[in-house]
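Let me begin by presenting the structure, written as structure tokens, before commenting on it.
All of the numbers you see were taken from the coordinates with simple rules; none came from a lab. None of the values given here were measured: they were computed from a predicted structure. We place every Cβ from the backbone using ideal geometry, glycine too, and count neighbours over all the protein chains shown.
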Amino acid sequence: MNEKNTFIEKFKYFVKEQTLVFILIGLCIIISSVSPVFLLPQNLINVLIQISINALIATGMTFVIISGGIDLSVGSVAALSGIVVTAIIQPMTGISIPLCVLLMVVLSIVVGLIMGGINGFAISRLRVPSFVATLATMNIARGFAYVYTQSRSIYGLPDAFSWIGQDYIGFLPVIVIIVILVLLAAHIVLARTVFGRYVYAIGSNEEVAKLCGIHIQNVKLKVYIISGVLSAFAGACLASRLVTGQPTAAQGYELNAIAAVALGVGGMEGGKGGIGKTIQGLLIIGVINNGLNLMKVSSYWQIITMGAIILGALIIGQFKKED
Amino acid sequence: MDKKPIIELKNIRKSFPGVQALAGVSLPFYPGEIHALIGENGAGKSTLIKVMGGVYQKEGGQIYINGKECEIEDVTHAQNIGISVIHQELSLIPDLTVMENLCLGIEPRIGRSAFIDKNAMRNTARKIMKPLGLTINPDDFIKDLKTADRQMVEIARAVSRNAALVIMDEPTSSLSSREVTTLFKIIRKLKANNVGVIYVSHILSEVLSLSDKITVMRDGYIIRTLDADEADEKILVKSMVGREIKDYFNKEEQEIGDVILEVSDLTRKPYFFDVSFDLREGEILGISGLVGAGRTEIIRAIFGSDKLEKGKIRLRSEEVEIHSSRRAIELGFGFVPEDRKIEGLMLESPVKQNISLPSLKPTAKSGFVDRKWETEICKEYIQKLKIATPSRNTISKTLSGGNQQKIVVAKWFAANSKIMLLDEPTRGIDVNAKSEMYSLMNEYTKNGGSIVMVSSELPELLGMADRIVVIRQGKVSGILDREDATEEKIMTLASTLKKEEK
């Protein structure tokens, strides 16, 4: 084996491992050749804003899917949290920005703790399959959002409320900065902490994890609480972006989040993936949707695209496994 | 015998990595004959059955069905040519009724419609069961039947599909003695109907009273085939054991210290009852017994992964409660499970992450994995245990069985376990890896560790263990010292000479 050969081998390996990066670059080239607007800084920042809510939810979903589960309740939890946050903050006219942000965070944590806690408890202690448990809470959370608002939207929010969703720090939108920080924190937790390792271990082989002394139930409970809190916070951010509390908000967002994670990992089987992979998935979805927007394709087609992406990701993942 | 054999095996060979499971087996089976297969665990009986039943493909030799050479392709093919295997785990669908199970796949229809003719089905079911003398209600659900009755239904189904040869793998292991009598009646009816029966069992008295011929297997060879009336238990036990112990154990005599672990009256129904033994520092305690005797369950319970109903565990003469594996690990136990692919390894994860998993928490620095420690410990044990891996980041499933097993052992070494519970530590690994595993065990005990080793391989137990606890049907039937232990003694203690009422 000579040097050149090993270099080619290495390159092949790199291409195989980092398929998504190449797909992403390819997509950017195609879209920018069709629509030159794509590469303008303002549009690129738009892409980041567009994926920001999904990024928050998908971060939680990454934990869940790595642990070998699924969380369908994220969209509804986001909607419920958006309602709770707007309903409580609406009467506080003249509230300062820091206080408002603090309130949004605290309320998100409360809503996320409750909903994620219910999911985690049902899944880890009562051994309800995650698909079924979160399907139930998905309806419960959405139902509460409707009941509380009587299916009306909440308007007339104080000025400070829109800071997260609409303001900028320097040239970067606040929401984008928040997403970057959350992704970074999540990456550190997953890649560097003992808890993160346990999440992978459980998703990889629960029996082995148990025999190595890992408290499976606690880890799972925490995973669903993380997903709940991040979805709730995403809901608050979404409400801030729209400056409204809508019970119909974040409908179908679970699909987008699952798509991002599944695309990143190339499957759903647990024990694999990570925040880096999820970011790649998020960016691909964001770029495709942005491209479709620029080419003036109807948003209904974007739903179809999303479904096709999940299907494609799983098929490619299957091929890779058989290799 | 002037009859033609239904199936004749000629020089059948089959191997698994590191094991020659069948080393050229030739055997004819005749219609109307009950032919028992006996031998210790790993003798090759199950493999032989699976080759005939189409589960495994033979690697050499020929199979003749009614005088014609035949390749058995898969399970369906085996059934089509008249071979029915009744496994220990039954293959009936519990949520369907008896008749639905009997007619599965051949449901009678009303005319040519898609609707099932329930009455015709009931009649068919009765017609199938009557010649066997079964009086089970065809409308009963399988899940409501007793184990014995389920087995009868299973046999009835096998026979109804024109089975010319019915193979039964330990059919009485879950039956009471009265049920066994019924089963024997049915087997004799099969014989009267000119069906061939292959009967695999560990229970020698059953074999002697039921069968016409008895074949003894050992190490993938047929040792002898004899007529049942010229055999007795002594002859059978003697043929089953008695191979030479190979010299690769290198057992080093250790200084045996004080009692470190003492268990008394451990009970978990229906797996084991009143099990008591002790383990000394630097000792290797072997646990022998037949498959299903409760050996694995006992050490799983000690490790806290199964709950105990009763019993005490003392560690260095202090009583401890082990209610979870986590607690067991804290107390210094390590556990190498029987099936490393299911319970021992995260196959899709790197070597490194497997080795460090149990000790992540104690070594962590405020919740963060100590990566420097992790790298060092992996380097150390990959080198010490001679794990042949391209790097510590290699995905575990790409390594050989022996190296995978070493990873499982390495993780407990890394966790500083003082008492190692090993369940079939050398299963499915080749001779070299076995030998290395034995030297690791020697090394471990030399450094003050103690080992409880469950094994189905008698030479391994005789070669490595300082004492051997023999388990029979969930109870300790004897504890043998190294000097006294022989294969004959172990087999006599392990085999059930008389079936006890449960």
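Tabulated data
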item	result
Quarter of the Cα convex hull surface for chain B, i.e. its orientation-mean projected area (nm²)	26.9
Simple Cβ-charge dipole of the protein assembly as shown, Lys/Arg +1 and Asp/Glu -1, about Cα centre, in debye nearest 20	1800
Ranking of B:Ile128, B:Ile298, A:Ile169, A:Ile303 by count of other Cβ atoms within 10 Å, fewest first	A:Ile169, A:Ile303, B:Ile128, B:Ile298
Rounded to whole Hz, the Karplus (6.51, -1.76, 1.60) HN-Hα couplings of the stretch A:110-117, x for glycine and proline	5, 4, x, 4, 5, 5, x, x
Modelled FRET efficiency - R0 35 Å, B:Lys365 with B:Asn250, Cβ distances, 0.05 increments	0.30
The stretch A:101-136 and the stretch B:437-459: distance between their alpha carbon centers, rounded to Å	47
In Å, descending, principal axis extents of the Cα set of the stretch A:1-99	72, 41, 25
Considering only chain B, percent of DSSP beta bridges that pair antiparallel, nearest 5	55
Karplus-derived 3J(HN,Hα), 6.51/-1.76/1.60, for each residue of the stretch A:118-124, Hz, glycine and proline x	4, 4, x, 5, 4, 6, 7
Placed amide H near A:Ser67: partners under 5 Å, 5+ positions off or other chain	A:Gly271
Contact order normalised by residue count of chain A, Cα under 8 Å, 6+ apart, percent	33
Chain A - charge dipole about Cα centre, Lys and Arg +1 at Cβ, Asp and Glu -1, debye rounded to 20	300
Kirkwood hydrodynamic radius (C-alpha pairs) into Stokes-Einstein, the protein assembly as shown, 4 °C and 1.567 mPa s, D in µm²/s	42
Most mobile listed residue (A:Leu211, A:Leu99, A:Leu311) in chain A, GNM with C-alpha springs under 10 Å	A:Leu211
Pairs of alpha carbons in the stretch A:123-213 whose separation is greater than 21 Å (percent)	65
Difference of contour (0.36 nm per residue) and Cα-Cα distance, B:Arg314 to B:Arg109	67.3 nm
Share of Cα-Cα pairs in chain A lying beyond 28 Å, as whole percent	42
Förster radius 25 Å - calculated FRET efficiency between A:Ile180 and A:Phe319 (Cβ-Cβ, nearest 0.05)	0.15
Gained length - B:Ile235 relative to B:Asn162, 0.36 nm times residue gap less alpha-carbon distance	22.7 nm
Tail weight of P(r) past 11 Å, computed on alpha-carbon pairs of the stretch A:264-306, percent	67
Where Rh is the Kirkwood radius over Cα pairs, Rg/Rh for the stretch B:433-489	0.98
Ranked A:Thr86, B:Thr97, criterion: other C-beta atoms within 10 Å, fewest first	B:Thr97, A:Thr86
Gain on full stretching of the segment that runs from B:Lys341 to B:Ser209 - 0.36 nm per residue minus C-alpha separation	43.5 nm
Out-of-range pairs (alpha-carbon distance over 31 Å; input A:Lys12/A:Lys210; B:Lys251/B:Lys307; A:Lys277/B:Lys372; A:Lys12/B:Lys50; B:Lys68/B:Lys191; A:Lys320/B:Lys418)	A:Lys12/A:Lys210; B:Lys251/B:Lys307; A:Lys12/B:Lys50; A:Lys320/B:Lys418
In order through the stretch A:15-27: 3J(HN,Hα) via Karplus (6.51 cos²θ - 1.76 cosθ + 1.60), integer Hz, x for Gly, Pro	4, 5, 6, 10, 3, 4, 4, 5, 4, 4, 4, x, 4
Positive-end residue of B:Val351, B:Ile93, B:Ala414, charge dipole of chain B with Cβ unit charges	B:Ile93
Total charge dipole magnitude, chain B, about the Cα centre, Cβ charges on Lys, Arg, Asp, Glu only, Debye to nearest 20	1380
Sites A:Ile88 and A:Gln166, calculated FRET efficiency, Cβ-Cβ separation with R0 30 Å, nearest 0.05	0.90
Residues whose placed amide H lies under 5 Å from that of B:Ile167, excluding near-sequence neighbours	B:Ser84, B:Val85, B:Ile86, B:Ile198
Other protein chain Cβ atoms within 10 Å, averaged over every residue that makes up A:185-193	2
Packing rank of B:274-285, A:114-125, B:69-80, where each peptide gets the mean count of other beta carbons within 10 Å, highest leading	A:114-125, B:274-285, B:69-80
The stretch A:222-323: Cα Rg divided by the 2.2 N^0.38 Å rule of thumb	1.18
Stokes-Einstein D (µm²/s) once Rh is taken as the Kirkwood radius of the stretch B:344-417 over alpha-carbon pairs, at 4 °C in 1.567 mPa s	108
10 Å Cβ neighbours from other chains, averaged over peptide B:345-352	5
Placed amide H near A:Thr193: partners under 5 Å, 5+ positions off or other chain	B:Val369
Amide N proximity, the stretch B:151-179 versus B:Val291 label position 7 Å along Cα-to-Cβ, cut-off under 11 Å	B:169-170
Paramagnetic reach from B:Ser400 (point 7 Å along Cα→Cβ, amide N under 19 Å) across the stretch B:339-380	B:340-341, B:351
The stretch B:294-339: C-alpha gyration tensor shape, a/c 1.5 cut-off, then a/b vs b/c	oblate
Rounded D (µm²/s) - the stretch B:1-154, Kirkwood Rh over Cα pairs, Stokes-Einstein at 20 °C, 1.002 mPa s	119
Selection from A:Ile51, B:Val51, B:Ile284 lying farthest towards where the dipole of the protein assembly as shown points positive, charges on Cβ	A:Ile51
Rounded to 10°, Cα long-axis angle of helix B:118-129 versus longest principal axis of chain B	80
